[in-house]
Amino acid sequence: MTILIPVLGDQLTHDLASLRDVIPTDAVVLMMEVEQETTYVRHHKRKIALILSAMRHFAEELRAGGWTVDYIRLDDPDNTGSFTGEVARAVERHGCRSIRIVEPGEWRVKTAIDGWSKRCGVPVDVIADDRFICGILEFQTWAQARGALVMEYFYREMRRKTGLLMTPDGKPEGGKWNLDHENRAPPRRGLNYPEPMHFAPDPITAEVMALVAERFGGHFGRLEHFSLPVTAAQARLALEHFVKTALPDFGTYQDAMVTGQDWLYHSWLSPALNLGLLTPLEVARAAAQAYATGYVPLNAAEGFIRQIIGWREYVRGYYWLEMPGVAGANGLEATRPLPEFYWTGETEMRCVSEALRNTRDNAYAHHIQRLMVLGNFAMLAGVRPQDVADWFLVVFADAFEWVELPNVIGMSQHADGGRLATKPYAGGGAYIDRMSDHCGSCRYRVKQKTGPDACPFNALYRDFLARHEQRFGSNHRMTNMYGTWNRMKPEVRDAYRASAAAFLDTLEPAAPGWAREEQT
Ligand code: FAD
Ligand code: DLZ
């Protein structure tokens, strides 16, 4: 009785629930490189190389562990190009009597799996993905019990559930749940920024890189100097290296931005986490252990653990709670197409061009670059949230819809009507100037409020507040912002709005086809 166990490209975990408690000789593991996944958006070249290389390595490791792995390569002449087509072929080929799969990360794929039983004529057992700390139903129960979704309360539940940074009597370590007020320091001169660990491509990665260069050469981004971890063993080394070199300062400088410094004290572990090479619990435990031994301060360990067991779990719960509707949400009624410079990197705004350079070269930008530069600009400029979401899904190596979409639609574009965040993450040039060294070398003047030489974020920010005064004017978290705006003389307000309009007029819209193949 052969069981077919499809393992998807972001399920590369040896302790995956579908592989657990199965005798390898009773099963065939199916891994599929398929056109539909590589091109449903035109992913960054580095992202495709990462996923295919990690899949090929994982298949080798499974075989070494005694599993029979049926591995379908992208260039296999019989490859049908879709998960469904390949699963149907494999059921037939191996005479499988059932299919067993861990629930997928995306709604789109879940919909496909829902049709497999009928298509293949065998039962399909879809198993919960217990790599996440909070199950989908568990999150739904939590959400139903509350009117509003508040990440902070969810995070406290996860701290209690995991026991991470908890005292034996059930209190948060150090007496406080959240030490964010100790974080958010601006960068200062004299800091040394550690490099994340880089891994030279081995023959498997080199072969995949050649395939990607040939087949996806027209996709966005740089492929050269690929150095991401592609196995669990490498990912563990990267985690150890991060804890040793960067975690001690992670909290303090979490929101800083520095020209030429692509990672600062961030971990760059999200690709490994999202593929399953690392589990969230092992990453969070490594940080807790570093605190327990006195190697890192509490603000670093707590800040980092909050991202993993708080934000990461919270957005995943939100995704499954709010899909499919949230994908089309446009609460701020934004209609502008994505500006072309998001793809070309050609803009004179230094903060934006630095974030875009990092994105093109490394398929990476750190959180504040994503939120307060790239996302903030798009929201202030009134860009269609679905254009923004497509861009974010393409360009980052860690972008999978379950984590990308809530961050874009909910957190950064405030397009979900405030379900994920009670106030929009909007900021003018002053915020970027405070948190970075970019403005000193920018062609625009951050202290100048209006006119052709003023930092565009300044007028766009005021214009955004003005456009949405009805919506946000009574939001108590925005009282100060509107107080300042409303105390301005009418001619000053007019100058801001005219300046914003003049700048927006200069934006070239992106040509169609960058993110998705043009439909004919
Ligand atoms: P670190 O700063 O070292 O943080 C540690 C880990 O915490 C990350 O690896 C990640 O797993 C987790 N984390 C931190 N913040 C978040 C968050 N808001 N949501 C979920 N997990 C979080 N993250 C993705 O993994 N994939 C995405 O496609 C993605 N898209 C984003 C889009 C926007 C508009 C924004 C504002 C954020 C997005 N994030 C996304 C969240 C966050 O920016 C990245 O997880 C982080 O920058 C990854 O780099 P790092 O590993 O160095 O993170
Ligand atoms: C993102 C991606 C890419 C580019 N290619 C593949 C692939 O060829 N085979 C595969 O199994 N997975 C791939 N992935 C990741 C899938 O899109 C991911 O597994 C789903 O989004 C999860 O629902």
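The values are calculated or read from the model by the stated rules, or taken from the named source; none is laboratory data. Small disclaimer: the values here were computed from a predicted structure and weren't measured. Cβ placement follows ideal geometry from the backbone for every residue including glycine, while neighbour counts extend to all protein chains displayed.
Some values worked out for this structure:
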read-out	value
Leading residue by the ranking (farthest from ligand 1 (Cβ to nearest atom)) among those in the range 270-326 that are outside any helix (DSSP H, G or I) and closer than 23 Å to PRO196 by Cβ	THR293
Residue match in the range 106-128 (condition: in contact with a helix residue (DSSP H, G or I) (Cβ under 7 Å, 6 or more places away or on another chain), at pLDDT 95 or above, under 30 Å from LYS244 (Cβ atoms) and among the aliphatic types (A, V, I, L, M))	no
Residue ID - surrounded by the fewest Cβ atoms within 10 Å (Cβ to Cβ), chosen from residues in the range 39-78 that are within 26 Å of PHE226 (Cα to Cα), away from ligand 2 (no atom under 12 Å from the Cβ) and touching a residue at least 24 places away in the same chain (Cβ under 8 Å)	GLU60
Candidate set: the range 79-96, residues that are outside any helix (DSSP H, G or I) and in contact with a strand residue (DSSP E or B) (Cβ under 7 Å, 6 or more places away or on another chain); chosen: the one surrounded by the most Cβ atoms within 10 Å (Cβ to Cβ)	CYS96
Matching residues, the range 364-404, being in contact with a Lys or Arg (Cβ under 9 Å, 6 or more places away or on another chain), within 12 Å of ligand 2 (Cβ to nearest atom) and not in a helix (DSSP H, G or I)	PHE396, ALA397, ASP398, ALA399
Residue ID - surrounded by the fewest Cβ atoms within 10 Å (Cβ to Cβ), chosen from residues in the range 98-148 that are more than 17 Å from GLY317 (Cβ to Cβ) and of a type in the set (Ser, Thr, Tyr)	THR111
Verdict on ARG42 being over 24 Å from PRO280 (Cα atoms), away from ligand 1 (no atom under 16 Å from the Cβ) and out of contact with any strand residue (DSSP E or B) (no Cβ under 8 Å at 6 or more places or on another chain)	no
Test: residue in the range 29-37 that is away from ligand 1 (no atom under 16 Å from the Cβ), part of a loop (DSSP other than H, G, I, E, B) and either at pLDDT below 95 or not aliphatic (A, V, I, L, M) (or both)	yes
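The rows are residues; the columns are (1) of a type in the set (Gly, Ala, Ser); (2) over 23 Å from ALA284 (Cβ atoms).
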| position | (1), (2) |
| --- | --- |
| ALA200 | yes, yes |
| LEU211 | no, yes |
| GLY221 | yes, yes |
| ARG236 | no, no |
| LEU239 | no, no |
| PHE242 | no, no |
